[in-house]
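Since the structure comes first, as structure tokens, the remarks are kept for the end.
Throughout, read-outs are computed from the coordinates displayed, never taken from laboratory work. Model, not experiment: these values are computed from the prediction. Every residue, glycine among them, receives a Cβ derived from its backbone with ideal geometry; neighbour counts consider all protein chains shown.
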Amino acid sequence: MFDVLAASFDTAHHVLAAPPNPAPEAPPGAKQFNTVLSWVSWSVTALCVAGLMFVAAKMAISHRNGEGYEAMSGLGKVMVACVLVGSASAIVGALT
């Protein structure tokens, strides 16, 4: 009984102790994909900045007309988008 347990523990220890180690070689076309990904990342960040400016202008116009609180929902949506963009780039940066 103890021999079976010892053998299974020894086998499990060797399997868990040596995880597979794939070669750190990028697949073909990875450089072009990274270029496109960086363009998309830059574009989305620029759109977030433009969105914040647009919502700020809309809030200023609404405040002048006495409806300033209605534009606050737009600010919340743009801020959520900015947080998503920021967290996505951080996750990608941690993985590379």
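Data table
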{"quantity": "Cα→Cβ-extended label distance, 7 Å offset, between ALA30 and LYS58, nm", "calculated": "4.1 nm"}
{"quantity": "Span per principal axis, largest first, for the Cα atoms of the stretch 54-96 (Å)", "calculated": "49, 13, 7"}
{"quantity": "Note, ³J(HN,Hα) from phi for the stretch 51-66, Karplus 6.51, -1.76, 1.60, rounded to Hz, x at Gly and Pro", "calculated": "x, 4, 5, 5, 5, 5, 5, 5, 5, 5, 5, 5, 5, 5, 8, x"}
